[in-house]
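Read the structure below first, then the notes.
The values are calculated or read from the model by the stated rules, or taken from the named source; none is laboratory data. Every value quoted in this text rests on a predicted model; they were computed, and no experiment measured them. For neighbour counting, all protein chains shown are included, and Cβ atoms are generated from backbone atoms with ideal geometry for every residue, glycine included.
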Amino acid sequence: MADMGTDRAGDKARAEMFRARGLTKVYRMGEVEVHALRGIDLALYPGEFVVILGPSGCGKSTLLNILGGLDVPTEGEVWYNGHDLTHADDAVLTRFRRDNVGFVFQFYNLIPSLTARENVAIVTEIARQPMPPEEALALVGLGERLDHFPAQMSGGEQQRVCIARALINHPEIVLADEPTGNLDEANEQLVLDIFHRLHEQGTTLIVVTHDAHVASNAQREILLNHGRLVG
Ligand code: ADP
């Protein structure tokens, strides 16, 4: 039987949040072309907790960045709630990211000279209806560490500050790229607990990982290899 992938009849009744068709990404470095994505067809649904898995270099981050409007494909199309992100101009993509997406990366990207509260507060200036930084930090269990600097916090605490920062605009989508890549098991679990809570509240979670334990927490696995979907 032909592989019907995400176009199973049962899914057709559900509104798609993201639809990607034929996504291709080629990075050109002088004479060299790197084919990061080689034709990805994909549907993602509101409220899903999805992991994108695969070996290093298979295109996971590239796919995540395109879904998040941080990058555009070389060919193919991606829609968000029926809006074409592929041909959107920078202003539209900026608004999409600002109003809908929270990003969490592997490397915490905190400003060392700012406290936890200040690191979160700086994004309130660009968010539309930001929650108070104190509230965001309380959500990740750091209500007591508001005035600590990154150097005074563990890696797990720093990552939770980043998650608080990502939540400031009440995003309906959280995109995370190896969010537990630098964490020990206990801190990984704390981050997963936060993700589960967000999932229960209806947030769509799309998480790039190569960690089988992180993957086992998700509802659905998207497997990539050499820029192609394999599962
Ligand atoms: P993964 O997240 O699975 O490790 P990436 O999406 O980061 O994979 O990268 C896929 C391929 O594209 C890799 O070969 C990587 O070296 C290449 N690549 C990613 N970003 C760039 C870039 N900005 N310029 C050139 N090559 C890139």
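Filtered by the rule that a residue be surrounded by fewer than 19 Cβ atoms within 10 Å (Cβ to Cβ) and in contact with a strand residue (DSSP E or B) (Cβ under 8 Å, 6 or more places away or on another chain), segment 153-176 gives a lone residue, Glu172.
Filtered by the rule that a residue be in a helix (DSSP H, G or I) and among the acidic types (Asp, Glu), segment 146-163 gives a lone residue, Glu157.
Just one of the listed residues (Asp184, Asp211, Asp193) is at pLDDT below 95 and either buried (at least 21 other Cβ atoms within 10 Å of the Cβ) or more than 17 Å from the chain's Cα centre (by Cα) (or both), namely Asp184. Taken together, the criteria exclude Leu139 from residues that are modelled with pLDDT of 95 or more and either of a type outside the set (Ser, Thr, Tyr) or surrounded by 18 or more Cβ atoms within 10 Å (Cβ to Cβ) (or both).
Pairs linking a residue in segment 17-29 that is more than 8 Å from the ligand (Cβ to nearest atom) to a residue that is acidic (Asp, Glu), with Cβ atoms under 6 Å and 6 or more positions apart or on different chains, are Arg21/Asp41; Arg21/Glu77; Thr24/Glu75; Val26/Glu33.
For Gly39, the conditions (1) outside any loop (DSSP other than H, G, I, E, B); (2) within 16 Å of the ligand (Cβ to nearest atom); (3) surrounded by 18 or more Cβ atoms within 10 Å (Cβ to Cβ) all hold with the exception of (3).
If we keep just the residues of segment 49-70 that are closer than 14 Å to Val101 by Cα and in contact with a helix residue (DSSP H, G or I) (Cβ under 9 Å, 6 or more places away or on another chain), which is farthest from the ligand (Cβ to nearest atom)?
Gly69
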